[in-house]
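Structure, as structure tokens:
The values are calculated or read from the model by the stated rules, or taken from the named source; none is laboratory data. Since this is a predicted model, take the numbers as computed values, not measurements. Note: ideal-geometry Cβ built from the backbone for every residue, glycine included; neighbour counts use all protein chains shown. All accessible areas refer to the heavy atoms of the entire protein, side chains included, with ligands and DNA or RNA removed. Shrake-Rupley method; radii C 1.70, N 1.55, O 1.52, S 1.80 Å.
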Amino acid sequence: MRVQIPRRAYLSRLLFSRAGKVIAGFMALFILTAAGLFTYAWVHYSRIIDHKLKEGPFARTAMLYAAPEPVSVGDRMSPDELVTALKSRGYTESRSNRMGWYHVRADAVEFFPGVDSHAGTEPAVVFIQDGVITRILSSRDHTDRYQIGLEPELFTNLFDRSRQKRRIIRFGDIPRVLVNAILSAEDKRFFSHAGFDPIRLIRTIWVDVTQNRRYGASTISMQLARTIWLDQEKTWKRKAIEALITLQIEQKLTKEEIFEHYVNSVDLGMRRSFAVRGFGEAAQVYLGKDVRQLTIEEAAMLAGLIQRPNYLNPYRHPGRARNRRNIVLGLMRDNGHINEVEFHKAANAPVSLAEGGVESTDAPYFVDLVHDTLQEQFQEIDFQAESYRVYTTVDMKLQRDAIAAIQAGMKEVDDQLARRKRQYPRPQVALVAMDPRTGEVKALVGGRSYGESQLNRALARRQPGSIFKPFVYASVLRSAVDGAPELITPVSTVQDEPTTFYFDDKTYEPNNFRMEFHGTVNLRQALSKSMNIPTVKFAEMAGYDAVAELARDAGLSGVRGTPAMALGAYEVTPLDMAAAYSVFSNGGTWTKANFIKEIRSESGGRIFGYQPVNRQVLDPRISYMVVELMQEVMRSGTGAGARSRGFGLPAAGKTGTSHDAWFAGFTTKLLCVVWVGFDNNQELPLEGSRAALPIWTEFMKRAHQYREYRGVQSFQPPDGITTVDIDPLTGQLATAACPKPRAEVFVAGTQPVEFCRLHGGSGQRTQIAAWDDSAAEVQPEATAASDARPPRPARSGRRSPQQEAHPPAAPKPQPEAPQRGLLDRIRAIFR
């Protein structure tokens, strides 16, 4: 039987059937489109993630290493100190560590370099007894060594193009205390969830609804996805992509790999002008130590920075950083990572930061200099694309000491300026320390704060003032070896009096400090007391062009032969002056300053090895005489303040005062130049002895405490130097009756031979360094050095005749009176 369906019902069913099909079709199309888009996005971001993971979580860049630290038999060092040094270089007790591993024995510490260590590092066993190294045994050939070098220490990476600084650490190198601190602060169930924490998500929604405040729900995996591949824009699109990437990295990486990427890329604030990325760099910047050495409170403080890194910056806001640290410590206690005793001990600990901050841990001015050198000399290499290893010359111990000395010295400068009636700009400073024999720059500071100004004053051209004067005296003393018509020695004299100099149809009228004049002075006195007019007179005797030529040979380009040159009128840089002084510290040989010792590729292949650049510009005998004169500066001259401040090692140096304050000086181990002044070239109302010398002294006192710079020796004369006792008043050989004889140095054959005319007597003491030239023999008929030859006209320039300074006339020998008897004496009375 056929049932009739009402027409209206039939049409309705037909309509809904067609609508259903359309809806179903649209739904199917939507699902297919969504699936297609999801598949496209999945494949697209999968490729991006694969590419990013292949090259690493961030662009590779060159790594900068400090100079290797030597360890020698006889050094005072405990096993703990040696282990600490090895840890700071990346060594662990694990034999699989790529940098190297160590093992502590009852009587020794043995260490073995890994595949990532420097090619020159040698495995060794260091025997230590009662805090002294008694023996070093090479594990390579089982022979004894007197000295061995530790692995060069990584002190920074070259910053990338966005001025971000990172220091890569592996998961195995992350201390457990830091892992626990990060988990407690950010994601305590990280190792158990699959990228999303549903419990935390529900809690976030509940807090948002009931308390109307935000509560973070991002896991470490989600933060990593956002940090590496996405921007910080808060949109639904970005959130969806973040979730997609989170799923993929959870699938592609292990939990340990995700955690390793996270700790190397997380934003931990700004320090100076650099963005700090990762806990490896943060440990160095904020705490000045390797991440493996973190304590509980230090790990908690760093982990606490993740929340709001700039707001919690411990240098700018130590109170905020301490409060956040204690919150993290409480979470660590609640999660069972520390007990109650450890919590209270860590929570009550002060926030201890690296002294000097990034200046002492990173040497930023030095790094900039290395960066510029790499860009100029190796243009074909992209050091920000590969992990090249750049081994530099910097000694981080000296770098830290330089910062400390500057902080103490500039406080003195600030206090002195504050006591004056007028207002002054903030004074700046530069310090350069180098090995006087090799030219290796060991420490370099270009300003008081790298964050305030990246201007490197070590490269700024300023007038050197009186620290240029040794080049004048070196040039005029050359007369003893170059056969000049007029012989000048340390006892040669000039008149210190107001003088007008004529040069190039112009007049030049210098003045002495405080307008003090001393009459007749000898060359030694003129240099030690930094007298201006005598210096210009000696420059005139040598010839202005000859002085300028010597300065240019010593690397001081731009110096011209004029009277003003003698007083340091032509601008030079502190770095150039440090290299120029190597002429005196290095026996007359100029050595170019250098910063890079070696460059190796990521695989260890040698790309570059530095070869010293030097040239002989001064006779070793003349160099030694100038050094001896500069020692007088330290004993009784303008540099004597170094002795009163407690620096007693054999040293030579010179103060300088122009618009700025300078001090340049050296020992047999270390050379250092300090500049203090204003950036606007305004005149600093302080002399070099009051502004620059205190910084130099404090630095040198600290530096020479290290074993590499101990054992400072007296400056040894080269062959051909004669030392005789003279009378300071006459410059002639001292007699037994001379009240204050003094030893003076001469080139052999130029020393005086006449006895003091003021204190008649006999006897002399003469010491001549080994010399195979017959000229070294003292001829009895020779005349006094200061008046042996007639004066010659100046090579360039002249003085007015009425102000010409003549050396004292040579005293004529008086015939000795014959002995008279008693009868002759009686006759003489009546006569």
Does region 656-665 contain at least one residue that is touching a Cys at 6+ places or on another chain (Cβ under 7 Å) and on the phi < 0 side of the Ramachandran plot?
yes
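Here's the yes/no breakdown for (1) in a helix (DSSP H, G or I); (2) more than 28 Å from the chain's Cα centre (by Cα); (3) aromatic (Phe, Trp, Tyr); (4) at pLDDT below 85:
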position: 263; (1), (2), (3), (4): yes, yes, no, no
position: 286; (1), (2), (3), (4): yes, no, yes, no
position: 299; (1), (2), (3), (4): yes, yes, no, no
position: 315; (1), (2), (3), (4): no, no, yes, no
Cβ-Cβ under 8 Å pairs, at least 6 apart or on other chains, region 367-380 side touching a residue at least 40 places away in the same chain (Cβ under 8 Å), far side of a type in the set (A, V, I, L, M, F, W, C) and part of a helix (DSSP H, G or I)
369/458; 369/459
Filter region 288-297 for residues that are in a helix (DSSP H, G or I), charged (D, E, K, R) and crowded, with 21+ Cβ neighbours inside 10 Å and give the result.
297
Selection status of residue 166, closer than 20 Å to residue 292 by Cβ and either modelled with pLDDT under 70 or surrounded by 20 or more Cβ atoms within 10 Å (Cβ to Cβ) (or both)
yes
Does region 305-318 hold any residues that are out of contact with any strand residue (DSSP E or B) (no Cβ under 8 Å at 6 or more places or on another chain) and open to solvent by less than 40 Å² (accessible area, probe 1.4 Å), and which are they?
314
I'd like to know if region 562-581 contains one or more residues that are within 21 Å of residue 373 (Cα to Cα) and in contact with an Asp or Glu (Cβ under 7 Å, 6 or more places away or on another chain).
no
Got a sec? Which of 574, 685, 650, 612 is at pLDDT 95 or above and surrounded by fewer than 19 Cβ atoms within 10 Å (Cβ to Cβ)?
650
Being basic (Lys, Arg) and either closer than 17 Å to residue 707 by Cα or not in a loop (DSSP other than H, G, I, E, B) (or both) is the filter; apply it to region 60-99 and report the residue that is farthest from the chain's Cα centre (by Cα).
76
Among the residues of region 36-57, is there at least one that is farther than 30 Å from residue 242 by Cα and modelled with pLDDT under 90?
no
Out of all the residues in region 689-710, is one or more in contact with a Lys or Arg (Cβ under 6 Å, 6 or more places away or on another chain) and under 21 Å from residue 638 (Cα atoms)?
yes
Of (1) at pLDDT 80 or above; (2) in a helix (DSSP H, G or I); (3) surrounded by fewer than 19 Cβ atoms within 10 Å (Cβ to Cβ), residue 180 fails just (3)
Of all residues in region 398-433, which are crowded, with 21+ Cβ neighbours inside 10 Å and either without any contact (Cβ under 8 Å) to a residue 24 or more places away in the chain or basic (Lys, Arg) (or both)?
none
Here is a list of conditions, (1) among the charged types (D, E, K, R); (2) surrounded by fewer than 18 Cβ atoms within 10 Å (Cβ to Cβ); (3) touching a Leu at 6+ places or on another chain (Cβ under 6 Å), and residue 324 meets all of them except one; can you say which number that is?
(2)
Scope region 717-762; condition charged (D, E, K, R), open to solvent by 40 Å² or more (accessible area, probe 1.4 Å) and not in a strand (DSSP E or B); matching residues:
719, 740, 754, 757
Return yes when residue 525 is closer than 22 Å to residue 477 by Cβ and either part of a helix (DSSP H, G or I) or modelled with pLDDT of 95 or more (or both) and no when it is not.
yes
So which pairs qualify, if the first residue must be in region 457-478 and closer than 14 Å to residue 551 by Cα and free of Cβ contacts under 8 Å to residues at least 12 places away in the same chain, the second must be of a type in the set (Phe, Trp, Tyr) and outside any helix (DSSP H, G or I), the Cβ gap must be under 9 Å, and the two must be at least 6 apart or on different chains?
none
Go over the candidates 453, 352 one by one and state the one that is within 26 Å of residue 699 (Cα to Cα), open to solvent by 20 Å² or more (accessible area, probe 1.4 Å), of a type in the set (Ser, Thr, Tyr) and out of contact with any helix residue (DSSP H, G or I) (no Cβ under 9 Å at 6 or more places or on another chain).
453
Is region 93-107 home to any residue that is among the aliphatic types (A, V, I, L, M) and closer than 23 Å to residue 173 by Cα?
yes
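Quick grid of which residues meet (1) surrounded by fewer than 18 Cβ atoms within 10 Å (Cβ to Cβ); (2) in contact with a Gly (Cβ under 6 Å, 6 or more places away or on another chain); (3) at pLDDT 90 or above; (4) of a type in the set (Ser, Thr, Tyr):
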residue	(1), (2), (3), (4)
475	no, no, yes, yes
480	no, no, no, no
485	yes, no, no, no
502	yes, no, yes, yes
505	yes, no, no, no
513	yes, no, no, no
For region 522-539, give me each residue that is among the small types (Gly, Ala, Ser) and either surrounded by 24 or more Cβ atoms within 10 Å (Cβ to Cβ) or in contact with a strand residue (DSSP E or B) (Cβ under 8 Å, 6 or more places away or on another chain) (or both).
526, 530, 539
Determine which member of the set 280, 319 is among the small types (Gly, Ala, Ser), more than 25 Å from residue 154 (Cβ to Cβ) and in a helix (DSSP H, G or I).
319
Could you grab me the full set of residues in region 666-682 that are open to solvent by 40 Å² or more (accessible area, probe 1.4 Å) and either among the acidic types (Asp, Glu) or farther than 18 Å from residue 647 by Cβ (or both)?
679, 680, 681, 682
So how many residues does region 586-609 have that are touching a residue at least 60 places away in the same chain (Cβ under 8 Å), open to solvent by 30 Å² or more (accessible area, probe 1.4 Å) and among the polar types (S, T, N, Q)?
1
Of 259, 274, 279, which residue is over 28 Å from the mean Cα position of the chain (by Cα), surrounded by 21 or more Cβ atoms within 10 Å (Cβ to Cβ) and in contact (Cβ under 8 Å) with a residue 12 or more places away in the chain?
259
